[in-house]
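Working notes, beginning with the structure itself.
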Amino acid sequence: MRRYTSLLLVAFMLVLLIATISDNLAGHADRTRREKPLQAITVYTTLPAEHVGILAGSYEKAKGVRVNFVPVTPEEVLQKARMGNSGGQTKADLMLADQATLEKAVMEGNLESYLSESTDSVGESFKDAEGKWTGVWYDPVVFCANRDYVRAVPRVPNTWTELSSMQEMRVGITDFLAADAASNLFFSMMSQFGDTATYGILRGIQPKVVQYSKYLSTPVRMAGMGEVDLSIAVQSEALRYIHQGYPLQIIYPEDGTAYTLTGIGLLKGAENEANAKDFVEWLLGDEAQLALQTKEFFFVPVNPATIAYKSFPGKDLVLFAPPQPFTPQERHELLDRWVKEVRLQ
């Protein structure tokens with residue numbers, strides 16, 4: 001019995017020794033993985049920090065590659081791209097920005113072509129003809145109505161002209177001078193309808209406006225709280241409030257609407273080109289959309305091959321052509337005329 005007990009003790013000690021060695025080896029491997037620097041890419045972006053933070057965290061978790069986003073204004077991103085292209089110290093791999101900024105970068109020769117099966121699936125209107133940039137998602141302007149109002153009236157306006165001419169209603173809208181998406185709507189209408197018709201539509205809407213807000217979310221919140229009957233708003237904010245339980249209904253203007261397109265472009269001389277292209281593919285897939293939607297950011301994906309695109313409401317809505325490239329002086333004069341002849345009347 002004593003011998004049997006001794007054998008058990010020896011066996012137990014051996015197991016304990018093996019377990020200790022295994023733990024040490026595992027711990028060493030974990031430390032090695034932690035200490036080994038992650039592969040990384042750098043992306044210049046005009047997107048809000050909250051959006052890119054979600055994308056960076058999700059991509060690093062999924063792919064083990066760090067995405068260093070550098071938030072900049074449209075003017076700054078173009079300046080940084082010029083520096084990198086001319087051999088300066090500031091260098092990045094990708095540019096994630098609005099369509100107008102990407103098009104300027106193409107004109108200045110700062111982007112490389114990138115073509116793949118995913119980019120080929122994207123519609124022609126959402127990408128550069130030579131593959132210098134590709135859209136990843138867009139955010140359209142919609143009519144967002146309070147459900148009680150929808151039930152109470154015989155007809156809800158579904159065109160800009162009808163909204164302008166309809167009586168006895170309260171409207172919320174973001175000031176054209178306060179946000180890029182709002183000014184984009186103004187200039188898109190100018191390009192689509194012409195200045196005479198656009199000012200006419202806005203004059204019709206003006207008496208109904210309860211408040212010109214500073215933020216894109218405010219008109220949606222006001223419609224959800226019943227403070228206005230209908231808001232002119234970006235769809236992402238409308239869907240966020242609907243997701244939170246507000247009694248809202250989205251109406252897509254049948255005569256078309258403006259939208260803000262976000263796209264990605266490969267910078268010339270990218271130091272981590274392979275990883276950069278992998279990130280482009282990820283952005284065009286379902287995982288990026290899922291990451292954003294989990295945090296209540298809802299944009300319309302442009303890749304029709306994805307599940308997110310097929311399940312998204314309003315993906316077939318009529319879109320205005322991108323606004324013509326008004327000069328800074330023309331933009332100032334058109335907005336100044338709106339303030340004097342419409343808003344202050």
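The values are calculated or read from the model by the stated rules, or taken from the named source; none is laboratory data. Just so we're clear, the structure is a prediction, and the values are computed from it rather than from any experiment. In this analysis, Cβ positions are derived from the backbone assuming ideal geometry, glycine residues included, and neighbour counts consider all displayed protein chains. Remember, those area values only see protein heavy atoms, side chains included, never the ligands or the DNA or RNA. Shrake-Rupley method; radii C 1.70, N 1.55, O 1.52, S 1.80 Å.
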Hey, could you check the range 255-274 for residues that are small (Gly, Ala, Ser) and in contact with a helix residue (DSSP H, G or I) (Cβ under 9 Å, 6 or more places away or on another chain) and say which is surrounded by the most Cβ atoms within 10 Å (Cβ to Cβ)?
Gly265
Specify which of the listed residues (Tyr246, Tyr252) is under 19 Å from Leu202 (Cα atoms), modelled with pLDDT of 95 or more and open to solvent by 40 Å² or more (accessible area, probe 1.4 Å).
Tyr252
Would you kindly identify the strands (runs of 3 or more DSSP E) lying entirely within the range 1-102 that contain at least 2 residues that are at pLDDT 75 or above and closer than 26 Å to Pro323 by Cα?
39-45, 94-98
Condition first: open to solvent by less than 40 Å² (accessible area, probe 1.4 Å), of a type in the set (Phe, Trp, Tyr) and over 20 Å from Gly265 (Cα atoms). Now tell me which residues in the range 275-313 satisfy that.
Phe297, Phe298, Phe312
Does Ser113 satisfy the condition of being at pLDDT below 95 and open to solvent by 30 Å² or more (accessible area, probe 1.4 Å)?
no
Sort out which residues of the range 171-209 are hydroxyl-bearing (Ser, Thr, Tyr) and more than 23 Å from Gly224 (Cβ to Cβ), and write them in order of number.
Ser183, Ser188, Ser191, Thr196, Thr198, Tyr199
Would you pick out the residues in the range 298-316 that are among the hydrophobic types (A, V, I, L, M, F, W, C), assigned to a loop (DSSP other than H, G, I, E, B) and either over 18 Å from Glu237 (Cα atoms) or in contact (Cβ under 8 Å) with a residue 60 or more places away in the chain (or both)?
Phe298, Phe299, Val302, Ala305
A careful count of residues in the range 116-138 that are aliphatic (A, V, I, L, M) and open to solvent by 30 Å² or more (accessible area, probe 1.4 Å) gives 1
Mind telling me which of the residues Glu341, Glu333 ends up being assigned to a helix (DSSP H, G or I), modelled with pLDDT of 95 or more and more than 21 Å from Val142 (Cα to Cα)?
Glu333
Could you give me the residue pairs with C-beta distances under 8 Å whose first residue belongs to the range 146-170 and is closer than 15 Å to Gly226 by Cβ, whose second residue is part of a helix (DSSP H, G or I) and among the charged types (D, E, K, R) wherever it lies, and which are 6+ apart or on separate chains?
Met169/Lys208; Arg170/Lys208
With the first residue restricted to the range 253-266 and required to be free of Cβ contacts under 8 Å to residues at least 40 places away in the same chain and closer than 26 Å to Val77 by Cβ, and the second required to be part of a strand (DSSP E or B) and not aliphatic (A, V, I, L, M), Cβ contacts under 6 Å at 6 or more apart or on different chains are none
For the range 139-165, which residues satisfy the criterion of being within 30 Å of Ala81 (Cα to Cα) and surrounded by fewer than 21 Cβ atoms within 10 Å (Cβ to Cβ)?
none
Considering only the range 229-294, give the helices (runs of 4 or more DSSP H) lying wholly within it that have at least 3 residues that are closer than 27 Å to Arg82 by Cβ and among the aliphatic types (A, V, I, L, M).
273-283
